[in-house]
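The values are calculated or read from the model by the stated rules, or taken from the named source; none is laboratory data. Every value quoted in this text rests on a predicted model; they were computed, and no experiment measured them. Methodologically, a virtual Cβ is constructed for each residue, glycine included, from the backbone with ideal geometry; neighbour enumeration extends over all protein chains shown. Quick note on the areas: whole protein, heavy atoms, side chains included, nothing else; ligands and nucleic acids left out. Shrake-Rupley method; radii C 1.70, N 1.55, O 1.52, S 1.80 Å.
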Amino acid sequence: MVKICCIGAGYVGGPTMAVIALKCPDIEVVVVDISKPRIEAWNSDTLPIYEPGLDDVVKQCRGRNLFFSTDVEKHVAEADIIFVSVNTPTKTRGLGAGKAADLTYWESAARMIADVSKSDKIVVEKSTVPVKTAEAIEKILTHNSKGINYQILSNPEFLAEGTAIEDLFKPDRVLIGGRETPEGRKAVQVLKDVYAHWVPEDRILTTNLWSAELSKLAANAFLAQRISSVNAISALCEATGANVSEVAYAVGKDTRIGPKFLNASVGFGGSCFQKDILNLVYICECNGLPEVANYWKQVIRINDYQKSRFVNRVVASMFNTVAGKKIAVLGFAFKKDTGDTRETPAIDVCKGLLGDKAQISIYDPQVTEDQIQRDLAMNKFDWDHPMHLQPTSPTAIKQVSCVWDAYEATKGAHGVCILTEWDEFKTLDYQKIFDNMQKPAFVFDGRNIVDPEKLREIGFIVYSIGKPLDA
Ligand code: NAD
């Protein structure tokens, strides 16, 4: 039986390995992590992450050929294929701070693999890493090899949170990069055979190592760029009376452009887009390509601009101050169907409103109060000015309350900000909400999920992104 070990039981390691275990009953899959609470949660009825369909998959194969363990070294030593799916955040200090990927976790995983391995291994980069990382990993492993042969593959993950299981069941493509040597090709084939259990052959792409590593960064940069493009147009729509939904529809009808990922919003979030673009920017700068770096930087600048534009709109609409006013925030996760709040635009919006002394009441169906308090208390790293950290005042945090119901959050509020596109926010009883709010009652729809005309009929003053404003 082939044995797989995955280092890192996070948003990627957990779901990807669960699906491999489900689809490959002939393979034993062990997911290991240094975090005891995370592994305990994977072994319990309450998984550490919320992802539609995940519970089902885990229930079907946990204890059969899927295991979660903190015994990292034992399972790494026993595995034939080791996926490394550890976090690769943006560096916050030292060389490249604010842009470069922090590969500390990766390097320590590689050194541990070298320490404990007693047989040949295929080591798979599952984390998103800078192009050429495989070269560094190879150095660490071969200089400590004790005669063991290591083949490094790049197999970046393209799943999106909220649809991870669907994406893993039917991936647009699986990308495998390897060395163009006989051993490298053999290793690529071993991994191809794993995916061939359920992925059609024409969807499994093989490339050289550097193409695979760079493709992941490029894919995220392109996705984020689409959001920033439509958001940039949304600002122009508001200035001119055009409607961004109509413009996006007309633009997306061009088959060369396509309709997906053209929803204007308060901005993109999540642990990947900003981090991966910053990583790309850093790589460009290191390779003497400042103009290319500037091009990609602009995608993040527009995203920051969109978030501050939203906050300014809220404050300006509410007679230039939200001091002492209650603002209900509906949605804190960076997108629907996940409890993940990493880099969520809600953090910046809440911080902006707190800066003007608003009282904020937050409701999100999957995000806990602890998580929100922690996110708001955290210093946000300013990538554009790496020497400055945004200060967070503990008194401001006291102006935030978290509730478990949208009606509770909006009761007595002066304004409502919709920051996550949860389906349940589309079907709330807005008449009831209006009746219980201060007047005039404002709705600021940061995801364009409610019909502004219907809300106006009720009596709300409505701001939607990129749409004609109330007179
Ligand atoms: P995560 O923070 O949820 O999980 C990483 C896990 O690795 C953590 O549980 C951590 O405890 C563990 N870990 C770190 N060092 C370890 C070590 N030495 N030994 C054992 N465990 C260790 O991160 P994630 O969201 O799963 O992302 C992982 C990687 O995948 C990142 O590079 C990310 O950019 C990439 N990625 C993420 C997504 C996504 O949607 N989250 C999608 C595609 C790719």
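Rounded to two decimals, the Cα-based Rg/Rh of the chain, with Kirkwood Rh, is 0.99.
Kirkwood Rh, region 140-217, all Cα pairs: how many Å?
Working: mean 1/r = 0.0738 Å⁻¹.
Evaluated on region 140-217, it is 13.6 Å.
Close amide H partners of residue 153, meaning residues 5 or more places away or on another chain with modelled amide H under 5 Å apart, are 123, 124, 125. For the listed peptides 450-463, 136-149, 154-167, a ranking on the average number of other beta carbons within 10 Å per residue, highest first, reads 154-167, 450-463, 136-149.
Rounded to the nearest 5, the antiparallel percentage of DSSP beta bridges internal to region 220-464 is 5%.
Bridgeable lysines around residue 23 (alpha carbons under 23 Å apart, same-chain partners fewer than 8 residues away excluded): 3, 59, 121, 126, 170, 186, 192. Dividing the summed helix terms, -39500 (n - 2.57) for each DSSP H run of n ≥ 4, by the number of residues in the chain produces a 222 nm estimate of -13000 deg cm²/dmol to the nearest 500. Probing with 1.4 Å while keeping every protein chain in the model, the per residue accessible area of region 64-207 equals 46 Å². By its C-alpha gyration tensor, with a ≥ b ≥ c as the square roots of the eigenvalues, how is region 220-464 shaped: rounded for a/c under 1.5, else prolate for a/b larger than b/c, else oblate? In terms of gyration-tensor shape, oblate.
Helix 13-23 and the longest principal axis of the C-alpha atoms of the chain enclose an angle of approximately 60°. Close amide-amide hydrogen proximity is noted between residue 402 and 362, each under 5 Å apart and 5 or more residues distant or on a separate chain (H modeled in the peptide plane; Pro and chain starts excluded).
Remark: region 1-131 carries a charge dipole of roughly 280 debye about the Cα centre, counting +1 on each Lys and Arg Cβ and -1 on each Asp and Glu Cβ. Accessible surface ranking for 1, 378, 112, 1.4 angstrom probe, highest first: 1, 378, 112.
Helix 273-286 and the long axis of the chain differ in direction by around 60°, with both axes built from C-alpha atoms. Peptides 311-318, 358-365 ranked from most to least packed by the mean count of surrounding Cβ atoms within 10 Å: 358-365, 311-318. Using the Karplus relation 6.51 cos²θ - 1.76 cosθ + 1.60 with θ = phi - 60°, the per-residue 3J(HN,Hα) values for region 345-353 come to x, 4, 4, 5, 5, 4, 4, x, 5 Hz, with x marking Gly and Pro.
Each residue of region 415-432 was assigned a 3J(HN,Hα) from its phi angle through the Karplus curve 6.51 cos²θ - 1.76 cosθ + 1.60 (θ = phi - 60°); the sequence is x, 10, 10, 9, 10, 10, 8, 4, 4, 4, 6, 6, 10, 5, 7, 5, 5, 4 Hz, with glycine and proline shown as x. Calculated FRET efficiency, residue 427 to residue 186, Cβ-Cβ distance, R0 = 51 Å: about 0.40 to the nearest 0.05.
What a 1.4 Å probe finds exposed on the chain is 53% carbon and sulfur by accessible area, rounded to a whole percent.
Beta-bridge orientation, the chain: approximately 5 percent antiparallel, per DSSP, counting only bridges with both partners inside.
Whole-Hz Karplus values for region 186-194 come out as 5, 5, 4, 4, 4, 6, 4, 4, 5 Hz, taken residue by residue from phi with 6.51 cos²θ - 1.76 cosθ + 1.60 and θ = phi - 60°; glycine and proline positions read x. The C-alpha atoms of the chain define a longest principal axis, and helix 209-240 lies at about 10 degrees to it.
About its Cα centre, the dipole of the chain is roughly 740 debye, where the only charges are +1 on Lys and Arg Cβ and -1 on Asp and Glu Cβ. Taking packing as the residue-averaged number of other Cβ atoms within 10 angstrom, the listed peptides 250-259, 76-85 run from highest to lowest as 76-85, 250-259.
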